[in-house]
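Shown next, in structure tokens, is the structure this report addresses.
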Amino acid sequence: MSRDALDRYYTPPNLAAALVGSMSRRLEGCAVWEPHAGGGAFVEALHTHANPAAVEVSDIDPDAPALAKYGGRVADFLRERPQALPDWIIGNPPYKDAEAHTRRALSIATKGAAFLLRVGFMESQTRVDFWKGPGRALQRVYILAKRPSFTGGGTDSTAYAWYIFDKTYREAWPATLIPGWSWDK
């Protein structure tokens, strides 16, 4: 299978629901931006499993289903500002630009960011400075016990995790790792 140029690998709705549920208290009453809305799984989960004050929806793909369903806008997250300053930025960013998206989210959000990323995001010599800087806000990592399918077919050979970066947590480094987190119940 060839790689999608826009990294359109939509999050399964039951996974998004579990991930948002894992931090529903943090999101309550907050302004949340989902800048990689894609199919809308995280947006739906926010409305169903959290009680945010506001949800901003955007995606770089003008054909992303979430834009039509939730009244979102076309926006390149790495270049455009949010319509309102968010407390949290969450979602499933394109992995090829995961570090850039995480850095940007942590520079914009007042409280933090939570992203579905590969477990391998924790490694790489090129990310050493990230972990010494904005990455120190990493508070919790839920390592998924089951690999999700982003294509509706089988899974790939990559392990995934839900990274929660809480900007108020910087003094409590290191992060808590939660291996074998079961999301598909």
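Summary value for region 1-98: 31 percent relative contact order, contacts being C-alpha pairs under 8 angstrom separated by 6+ residues. Mean residue ellipticity, 222 nm, helices only, the chain: the sum of -39500 (n - 2.57) across DSSP H runs of n ≥ 4, divided by residue count and rounded to 500, is -6000 deg cm²/dmol.
Report the residues of region 47-61 in range of a label on Glu80: point 7 Å along Cα→C-beta, backbone N strictly under 15 Å from it. The answer is 56-61. Using the 1.4 Å probe convention, the accessible area of region 1-146 works out to 45 Å² per residue with neighbouring protein chains retained. A simple count of charges around Thr110, restricted to other residues whose Cβ falls under 13 Å of its Cβ and scoring Lys, Arg +1 and Asp, Glu -1, yields +1. Between Val119 and His47, the modelled labels are 3.4 nm apart [label points 7 Å from Cα along Cα→Cβ].
Amide H to amide H, with H built 1.01 Å from N, Trp33 comes under 5 Å of Glu56, Trp88, Ile89, Ile90, counting only residues 5 or more places away or on other chains. Taking a Cβ cut-off of under 13 Å around Ala75, the surrounding Lys, Arg, Asp and Glu residues balance to a net charge of -2, with basic ones at +1 and acidic ones at -1. Sorted on the mean count of surrounding Cβ atoms within 10 Å across their residues, most packed first, peptides 32-41, 17-26, 88-97, 64-73 read 32-41, 88-97, 17-26, 64-73.
For a straight C-alpha distance cut-off of 29 angstrom, the lysines reachable from Lys69 (same-chain residues fewer than eight places away being disregarded) are Lys96, Lys111, Lys146, Lys185. Modelled label positions at Ala159 and Val128, each set 7 Å beyond Cα in the direction of Cβ, lie 2.3 nm from each other. Straight Cα distances below 18 angstrom link Lys132 to the aspartates and glutamates Glu99, Glu123, Asp166, Glu171, with same-chain residues fewer than 8 positions distant left out. Entry note, the chain: relative contact order of 19 percent, from Cα contacts under 8 Å with a spacing of 6+ residues.
Here the chain is treated as a sphere whose radius is the Kirkwood value from Cα pairs; by Stokes-Einstein at 37 °C and 0.692 mPa s it diffuses with a coefficient of 201 µm²/s. Per-residue accessible area (protein heavy atoms, 1.4 Å probe) orders Ile164, Ile60 as Ile60, Ile164, starting from the largest. Rounded to the nearest Hz, the phi-derived 3J(HN,Hα) couplings of region 126-141 under the Karplus curve 6.51 cos²θ - 1.76 cosθ + 1.60 (θ = phi - 60°) are 6, 9, 4, 5, 4, 6, 7, x, x, x, 5, 6, 4, 9, 8, 10, where x marks glycine and proline.
The values are calculated or read from the model by the stated rules, or taken from the named source; none is laboratory data. What you see is a predicted model, and the numbers here were worked out from it, not measured in a lab. Cβ atoms come from the backbone with ideal geometry, glycine included; neighbour counts cover every protein chain shown. The area values use the complete protein model at the heavy-atom level, side chains included, leaving out ligands, DNA and RNA. Shrake-Rupley method; radii C 1.70, N 1.55, O 1.52, S 1.80 Å.
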